[in-house]
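J.: First the structure, which I've put down as structure tokens, then a few questions once you've had a look.
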There are 2 protein chains.
Amino acid sequence: MTVTAGESKQVVGSEELALWHVVRRAQARVTRALEAELLVEHDLALASYDVLAQLSGAPERRLRMNDLAERVMLSRSGLTRLVDRLQREGLVERAACADDARGLFAVLTDDGAVRLAEATPTYMRGVRAQFLGVLDERELRRCASALTKLFPDPDPDPD
Amino acid sequence: MTVTAGESKQVVGSEELALWHVVRRAQARVTRALEAELLVEHDLALASYDVLAQLSGAPERRLRMNDLAERVMLSRSGLTRLVDRLQREGLVERAACADDARGLFAVLTDDGAVRLAEATPTYMRGVRAQFLGVLDERELRRCASALTKLFPDPDPDPD
DNA sequence: CTTAAGAGGTTGCACGCGCATCTACATAGT
DNA sequence: ACTATGTAGATGCGCGTGCAACCTCTTAAG
């Protein structure tokens, strides 16, 4: 701990903290833009898009609720409600699990697949426009590899 | 648009999208950890910490509500409520603005400064542990510079 | 001075989320 | 078989947040 816990200003690894702040700002910015675009153009929240995308990339287009919750970074209860909504819209179904009687699958319906396909270009465009437009490829690759060291992503990246 | 909006799998600039996903995961992960630590150790939400930090770095330890809202990436109404809470805790005060009768300053109190000083080591430690521990300096600097191009940060970085 | 347009902040409202709790099932341990 | 511990999901509840509407003050236009 290189910190003195002083009155109000201390300097410690400012570059590292700067990166963290930049990441926060970037995330917030892109998330907002993406959310708004998806909502107006496809009436689809970003979290919903995430769910559909994960299911789409999964074998048999189905995932256990628990699994899915982890992948979309939601609490179990949060996912329960979200899947409720998506089910009401007919984009997702629940299916019992043969191996485990208490388990449930969230299954992407055909309608869900269609909505996902419709929304994906918007998603792509949003990310590229908001997030990547300015960066060149080498820098992107460096950032990705650097950050990936820390967070080995469990998603097979269905995009 | 290099996207065909196909059935379920299309590939387009996978590195760029991968970076975006990594950033999202990183942000979520660190945010959660930070929030939890600050909450248990200092009974302070991350958003509250942000407000205190911004005020601490501002001249006269005060900022216009509008300004502050933008810096901490909250809507005006969101900030109104947050400052309400902080004011109830005595960490922040509201002060009228001489130049503009409808304007208000949020002002960091001494108690607020103390709480911030107490919490800052936890914040630092959390960021370093969760976010930076694995990365080496050069990579960090590259990421920072790359991302900063996109998001020129308005914060004077009070840390 | 009067009016119109706009910006700063706050309030009503609804929504999405997490935590704690609960039920149902699973898997030991005896 | 019986009990205990743990896991998968769902529900009650409270909280924080954004959007739209509102009020107040400012600024420009006539």
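The values are calculated or read from the model by the stated rules, or taken from the named source; none is laboratory data. The structure displayed is predicted, hence computed values, not measured ones. All Cβ positions, even for glycine, are placed from backbone atoms using ideal geometry, and neighbour counts span all protein chains on display. Side chains included, ligands, DNA and RNA excluded: accessible areas come from the protein's heavy atoms. Shrake-Rupley method; radii C 1.70, N 1.55, O 1.52, S 1.80 Å.
J.: Is the shape of the stretch A:11-63 best called rounded, prolate or oblate, per the rule: a/c under 1.5 gives rounded, else a/b larger than b/c gives prolate, else oblate, with a ≥ b ≥ c the square roots of the Cα gyration tensor eigenvalues?
T.: Taking the square roots of the gyration eigenvalues as a ≥ b ≥ c, the stretch A:11-63 is oblate.
J.: Let me know the mean shielding of B:68-76 by other chains, meaning the per-residue number of their Cβ atoms within 10 Å of its Cβ.
T.: Taking the mean over all residues of the peptide, I get 1.
J.: So what's the gap between the Cα centers of the stretch A:39-58 and the stretch A:101-120, to the nearest angstrom?
T.: 9 Å
J.: So, one more: How well do other chains shield peptide B:21-34, expressed as the mean number of their Cβ atoms within 10 Å of each residue Cβ?
T.: That average works out to 6.
J.: Related question: Spelling out what I want: for every residue of the stretch A:103-112, take phi, set θ = phi - 60°, compute 6.51 cos²θ - 1.76 cosθ + 1.60 (Karplus), and round to whole Hz; glycine and proline get x.
T.: Result, rounded to whole Hz: x, 9, 9, 9, 10, 6, 7, 5, 4, x.
J.: Other chains' Cβ within 10 Å of A:123-130 residues: what's the mean?
T.: Taking all residues of A:123-130 together, the mean is 4.
J.: In addition: According to the square roots a ≥ b ≥ c of the eigenvalues of the Cα gyration tensor, what is the shape class of the stretch B:15-119, taking rounded for a/c under 1.5, prolate for a/b larger than b/c otherwise, and oblate for the remainder?
T.: Numbers: a/c = 2.57, a/b = 1.55, b/c = 1.66.
Oblate, since a/c reaches 1.5 and b/c is not below a/b.
J.: So what is the relative contact order of the stretch B:25-120, in percent, for Cα pairs below 8 Å that sit 6 or more residues apart?
T.: 28 percent.
J.: Explain nothing, just compute: Karplus ³J(HN,Hα) = 6.51 cos²θ - 1.76 cosθ + 1.60, θ = phi - 60°, for every residue of the stretch B:123-130 in order, whole Hz, x for Gly and Pro.
T.: Running phi through 6.51 cos²θ - 1.76 cosθ + 1.60 with θ = phi - 60° gives 4, 4, 4, x, 4, 4, 5, 7 Hz.
J.: About the Cα centre of the stretch A:15-131, what is the dipole size in debye to 20, counting +1 per Lys and Arg Cβ and -1 per Asp and Glu Cβ, all else neutral? Show your work: numbers first, answer last.
T.: Working: 17 positive and 18 negative charges, 54 e Å.
Charge dipole, the stretch A:15-131, about its Cα centre: 260 debye, nearest 20.
J.: Given a 1.4 Å probe, how much area per residue of the stretch B:50-100 is accessible, in Å²?
T.: The answer is 53 Å² per residue.
J.: Can you pull out the buried accessible area for chains A and B, both sides counted, probe 1.4 Å, rounded to the nearest 100 Å²?
T.: Buried area between the two chains comes out at roughly 7200 Å².
J.: Provide an ascending nm list, one decimal, of label-point separations from B:R102 to the equivalent residue in each further copy; define each label point as 7 Å from Cα along Cα→Cβ.
T.: Those label-point separations list as 5.7 nm.
J.: Now a separate question. Any idea what the B:T31 label distances to the other copies are, label 7 Å down the Cα→Cβ vector, nm, shortest first?
T.: Result for B:T31, in nm, nearest copy first: 0.2.
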